[in-house]
Amino acid sequence: MARLSQADLISLNRTFDDRSPQELLLWAREIFGDRVAAMSSMQEAGNVICHMLHKVPVKMPVVFVDTGVLFQETLDTRDRLSREYGLTIHTYKPALTMEEQTEKYGILYLSPEGQKQCCEMRKSEPLDAVKGQYDALIGSLRRADGGRRGVCPILAVDPRLNCLRVNVLANFSDEQMEEYISSNKVILNPLHKQGFSTIGCNRCTTPVLPGEPKRAGRWRHLGPWSVYCGINPTDMDPERAPAVDFSQDLIDRILGRQTDFAI
Ligand code: SF4
């Protein structure tokens with residue numbers, strides 16, 4: 001095994017800034033073959049990616065975490081995408097139901113510390129199940145969403161899952177999103193029309209008012225300091241210099257280098 005660090009990706013990330021999301025999806029499929037999947041939480045950006053997989057087409061499964069306390073509209077959206085776009089969507093769930101968790105730990109999402117613990121158990125730990133299955137996960141982070149995402153790289157290493165996150169929509173502007181959604185009639189979670197700019201668990205997500213930041217509806221009861229759940233590593237710890245362990249051959253393919261030896 002060899003190490004691939006975030007710093008190793010600087011030059012490739014610069015080159016990729018000119019590529020369209022569809023080109024990045026094709027690149028990921030070509031480099032990672034069957035060891036790449038897309039992630040979607042059934043919100044706008046994830047649905048755009050699902051539509052692109054269907055339209056281009058690019059064959060890869062979709063990974064979805066059902067925390068057990070999602071809105072019914074979110075689960076219905078997943079089922080529509082699977083049916084109408086012909087996608088294979090793998091659903092991952094937490095070990096405990098919300099009732100079992102509450103019995104054991106109390107109502108965690110009512111405090112900032114508890115929220116971290118709850119998101120860890122209900123979002124991040126279920127996703128751990130994909131570790132070792134995929135070398136890359138397609139993400140839907142966009143710089144236009146601002147906050148920490150304002151500088152998110154297209155390629156980001158994910159040490160926890162030992163894979164590369166490929167944020168194919170990183171450069172997609174709000175105008176491009178709107179245009180893509182309307183011209184392709186992308187299937188959307190109906191909650192967006194009810195004022196939800198982002199959509200997570202039913203315990204912790206509310207609509208936003210006109211003029212509020214997009215993520216103001218997340219953990220509103222905890223105050224403005226809680227806006228991310230931790231499932232996307234680039235949201236959480238921008239100061240670290242993370243790395244993943246890949247074969248030298250895979251690193252060479254990612255970086256577009258010729259492999260001049262065989263192990
Ligand atoms: S969003 Fe709320 S309910 Fe959902 S996992 Fe996080 S803290 Fe728990």
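Just so you know, all these numbers are worked out from the coordinates, no wet-lab data involved. Worth saying up front: this structure is predicted, and the values here are computed from it rather than measured. Quick reminder, even Gly has a Cβ in these numbers, built from the backbone with ideal geometry, and neighbours come from all protein chains shown.
How far, in nm, would the chain grow between residue 103 and residue 12 when pulled straight, counting 0.36 nm per residue and subtracting the alpha carbon separation?
28.0 nm
Once amide H atoms are built 1.01 Å from N in the peptide plane, which residues 5 or more positions from residue 92, or in another chain, come under 5 Å H to H?
Correct list: 64, 65, 66.
For a Förster distance of 51 Å, can you work out the FRET efficiency between the beta-carbons of residue 228 and residue 83, rounded to the nearest 0.05?
0.95
When the Cα centres of region 1-29 and region 143-188 are compared, how far apart do they sit, in Å?
Centre-to-centre (Cα) distance: 14 Å.
Let me check I've understood the local charge: for residue 213, count other residues with C-beta under 15 angstrom from its C-beta, Lys and Arg +1, Asp and Glu -1. What total comes out?
For residues surrounding residue 213, the net value is +4.
Which whole-number percent is the relative contact order of region 2-254 (Cα, under 8 Å, 6+ apart)?
Worked out over region 2-254, it gives 25 percent.
How much FRET efficiency would the formula 1/(1 + (r/R0)^6) give for residue 3 and residue 176, where r is the Cβ-Cβ distance and R0 is 51 Å, rounded to 0.05?
It comes to 0.90.
Using 20 Å as the Cα-Cα cut-off, could you pick out the over-long pairs in 59/193; 193/214; 104/131; 131/214?
As for pairs spanning more than 20 Å Cα to Cα, those are 59/193; 104/131; 131/214.
If Rh is defined by the Kirkwood formula over all Cα pairs and Rg also comes from Cα, what ratio Rg/Rh do you get for the chain?
That ratio is 0.95, to two decimals.
Which residues' amide hydrogens lie under 5 Å from the amide hydrogen of residue 163, considering only partners 5 or more residues apart or on another chain, with H built in the peptide plane?
Residues meeting the amide H criterion: 158.
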